[in-house]
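Input: a single structure, listed below in structure tokens.
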Amino acid sequence: MFKSFADYLSNKRFESLDGLRAISIIAVIWHHTAPAGVNTMLASIGAQGVQLFFAISGFLITTLLLRERERNGKIDLKAFYLRRSLRIFPLYYGTLVLYIILVFFLERHTAVGQAFFQNLIYFATYTSNLFVALDGRVIFYFAWSLAAEEQFYLVWPPLLLLAGSVGRASLILLVVTIACVGSQLLGLRSLDMIQLPIVLGALLAIGLNHEKSFTWLYRLLGQSWSAPVTFIALVLSLLSLQSQTLPGFVSSILFAAVVGSCVIRVQHPLSTLLAFKPLAYLGAISYGMYMLHMLCKNFVGKLFKVFQINDPGIAVFLLTLCMSIVLASISFRYYESWFLAWKTRFER
């Protein structure tokens with residue numbers, strides 16, 4: 001465990017985050033492939049895996065930026081955007097090109113195929129979360145979450161730089177949080193484009209980066225029971241979303257709390273599981289799994305049709321998961337790694 005604020009600052013890698021990413025991507029794939037006979041609540045809860053990704057991104061990106069400013073006296077936005085571009089763009093646009101080829105040859109005469117090409121400008125510009133609605137089957141719709149993250153990367157680092165102080169940066173995040181919570185309570189949808197978990201993840205990073213707030217957060221999230229209790233509370237809150245007994249912002253807070261309880265101390269009751277090498281590996285390639293899993297799902301579906309298997313049950317999930325792991329591993333080793341090697345040139 002961390003014995004002091006200094007110990008937390010000296011930690012260069014939060015090992016539990018890969019395990020959380022793995023849980024997130026498995027949940028997303030489960031949501032997209034769960035058998036028809038599975039309880040609707042259990043099937044739909046997997047969709048919230050994306051929200052855990054958001055909380056992790058908000059925390060991690062903000063932590064890296066704050067530590068860069070403390071080390072170097074400034075934030076190098078050009079280097080930040082170059083690093084993000086080399087990590088995200090090659091696989092994203094490579095997958096998008098693959099979709100263009102497949103849709104052109106297989107579905108260009110269908111309504112969904114034509115809609116894909118009409119929406120292509122939004123997929124290419126990371127604005128699909130703003131302009132592409134989920135109305136039936138929408139090819140490449142999963143890109144909405146990547147668009148939300150890219151918009152966060154575009155807006156938040158300059159705001160953090162312009163804020164000048166941690167206090168003003170925190171105030172910005174608090175105002176956004178209050179606006180999002182108020183919008184949910186009033187039943188408004190005007191702020192739906194803002195993903196509250198990513199905002200709370202950034203706010204968590206600022207809190208842990210300041211000694212006084214770190215001490216307060218440690219009392220809450222740094223106890224031996226904190227990680228399992230927050231995780232169980234999160235699952236219960238997600239189940240309640242189906243019955244609408246709790247407002248959505250409660251689960252958003254708990255997503256950030258889970259991340260906080262897993263990074264504020266090295267050893268916690270969930271650390272052995274989250275650092276388990278196979279699970280951590282899935283977290284390391286989770287981006288590739290996310291980008292490629294719908295292609296795998298569609299291939300598996302066509303495979304079962306060829307063999308006239310009408311009720312494959314959980315096999316769709318298992319085969320999609322296995323194919324996603326294989327393809328993401330190949331992509332990570334032979335494609336993404338080349339760009340990641342360039343990315344290190346812009347790290348200090």
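Consider V258 carefully, then state whether it is aliphatic (A, V, I, L, M), modelled with pLDDT of 95 or more and touching a Leu at 6+ places or on another chain (Cβ under 9 Å). In short, yes. One residue alone among V112, V176, V97, V103 is at pLDDT 95 or above, β-branched (V, I, T), more than 22 Å from H293 (Cα to Cα) and assigned to a helix (DSSP H, G or I), and that residue is V176. Among the residues making up the stretch 30-50, those that are surrounded by fewer than 24 Cβ atoms within 10 Å (Cβ to Cβ) and touching a Phe, Trp or Tyr at 6+ places or on another chain (Cβ under 7 Å) are W30, A34, G46. Any chance the stretch 333-343 includes a residue that's open to solvent by 40 Å² or more (accessible area, probe 1.4 Å), closer than 22 Å to P35 by Cβ and out of contact with any helix residue (DSSP H, G or I) (no Cβ under 7 Å at 6 or more places or on another chain)? No: the stretch 333-343 contains no residue that is open to solvent by 40 Å² or more (accessible area, probe 1.4 Å), closer than 22 Å to P35 by Cβ and out of contact with any helix residue (DSSP H, G or I) (no Cβ under 7 Å at 6 or more places or on another chain). Looking only at residues in the stretch 217-234 that are crowded, with 16+ Cβ neighbours inside 10 Å and not aliphatic (A, V, I, L, M), which one is nearest to the chain's Cα centre (by Cα)? It comes out as F231.
Here are some conditions: (1) surrounded by 19 or more Cβ atoms within 10 Å (Cβ to Cβ); (2) within 18 Å of F59 (Cβ to Cβ); (3) among the hydroxyl-bearing types (S, T, Y). S237 meets all but one. Which one does it not meet? It fails just one condition, (2). Of the residues contained in the stretch 132-147, one or more are found to be in contact (Cβ under 8 Å) with a residue 40 or more places away in the chain, out of contact with any helix residue (DSSP H, G or I) (no Cβ under 6 Å at 6 or more places or on another chain), of a type outside the set (F, W, Y) and in a helix (DSSP H, G or I). Cβ separations smaller than 7 Å between residues 6+ apart or across chains give the following pairs from the stretch 26-39 residues that are in contact (Cβ under 8 Å) with a residue 24 or more places away in the chain to residues that are open to solvent by less than 30 Å² (accessible area, probe 1.4 Å) and not in a helix (DSSP H, G or I): P35/G313.
Could you tell me which residue of the stretch 73-116 is farthest from E149 (Cα to Cα), considering only residues that are open to solvent by 40 Å² or more (accessible area, probe 1.4 Å), within 23 Å of the chain's Cα centre (by Cα) and of a type in the set (F, W, Y)? Per the stated criteria, the residue is Y93. For the stretch 148-195, the tally of residues that are under 24 Å from P247 (Cβ atoms) and charged (D, E, K, R) stands at 3.
The rows are residues; the columns are (1) open to solvent by 20 Å² or more (accessible area, probe 1.4 Å); (2) modelled with pLDDT of 95 or more.
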| residue | (1), (2) |
| --- | --- |
| F140 | no, yes |
| E150 | yes, yes |
| G164 | yes, no |
| I172 | yes, yes |
| G187 | yes, no |
| A202 | no, yes |
| G207 | no, yes |
| Q242 | yes, no |
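Residue-level check: of (1) open to solvent by 10 Å² or more (accessible area, probe 1.4 Å); (2) in a helix (DSSP H, G or I); (3) closer than 23 Å to L200 by Cβ, Y8 misses just (1). Entry remark, the stretch 11-45: residues being in contact with a Pro (Cβ under 9 Å, 6 or more places away or on another chain) and outside any helix (DSSP H, G or I) number 1 in total.
Scanning the stretch 53-100 for residues that are touching a residue at least 24 places away in the same chain (Cβ under 8 Å), of a type in the set (V, I, T) and more than 26 Å from L204 (Cβ to Cβ) gives a single hit, T95.
The values are calculated or read from the model by the stated rules, or taken from the named source; none is laboratory data. For clarity, every value in this text was computed on a predicted model and none was experimentally measured. Cβ coordinates were reconstructed from backbone atoms using ideal geometry, including for glycine residues, and neighbour counts include every protein chain displayed. Note: accessible area is taken over every heavy atom of the protein model, side chains too, but ligands, DNA and RNA are not part of it. Shrake-Rupley method; radii C 1.70, N 1.55, O 1.52, S 1.80 Å.
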